[in-house]
Each structure stands twice: as structure tokens, then as C-alpha cells.
Amino acid sequence: MGLARMGVLHNLARLTEAAPPDHSEGGVREGVTVGGFAADSEGISFDLMVDGEPVGSATLQLDENGLPSVRRQSVTFPDGEMVVTETYRSVTVNTSQ
């Protein structure tokens, strides 16, 4: 769960500093949260928080079918900012749960 929420690169960076992956003890659902949602012509924007502290923001662009097509995210770390852009070529929505 921590790798999915925090990202592989983030946790690899922590491991290079001899630190364990964030929230490896299982509390990532409570530790990593989003909020402050807003929709505009750019897409859906939201804030990222870790343990209740703001750490970054993201914007999710939707395609003509209302499915995610691009996510742009910036996260601030003590040593600088990480900017990530993900492009989704194919999205499958599973409603069987």
C-alpha cells in the first residue's frame, strides 16, 4: 500500500538514506490523504498531505470520456521539489466491487 500511495521513487530515495519506506508499518491510509478538491478547465486539482501536513498538490486531467488522461503532481521535500507527470494511455474502470 505504501508503494502505491507514496510512490516507488519516494521509497527508494528513503532506502538510499538507510531509512525504511514511509508508513511501512501499515498506517499509510491514515498518513497520506488528499483534500481541497477543485474542478476547472485544467481538470481536478487537489492537495496532498502526509500526517496532516501539506506536502504538495496534483491536477488530474480527464479525457473526453471523463477518464483520467494525465496527472501532474508536485511534492515538496526538505531538499527540494519533485515534479511528476504521468500520462495514461488506457484506463479500465472496474465496478465489480
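The values are calculated or read from the model by the stated rules, or taken from the named source; none is laboratory data. The model shown is predicted, which means the values in this text are computed figures rather than measured ones. We place every Cβ from the backbone using ideal geometry, glycine too, and count neighbours over all the protein chains shown. To get the accessible areas, we keep the full protein, side chains included, count just its heavy atoms, and leave off ligands, DNA and RNA. Shrake-Rupley method; radii C 1.70, N 1.55, O 1.52, S 1.80 Å.
Of the residues making up segment 22-44, those that are modelled with pLDDT under 90 and in a strand (DSSP E or B) number 3. May I ask you to list the residues in segment 52-80 that are in contact (Cβ under 8 Å) with a residue 12 or more places away in the chain, open to solvent by 70 Å² or more (accessible area, probe 1.4 Å) and touching a Ser or Thr at 6+ places or on another chain (Cβ under 9 Å)? Leu62, Arg72 - these are the residues of segment 52-80 that are in contact (Cβ under 8 Å) with a residue 12 or more places away in the chain, open to solvent by 70 Å² or more (accessible area, probe 1.4 Å) and touching a Ser or Thr at 6+ places or on another chain (Cβ under 9 Å).
The residues in segment 38-67 that are over 16 Å from the mean Cα position of the chain (by Cα) and not aliphatic (A, V, I, L, M) can be counted, and the count is 7.
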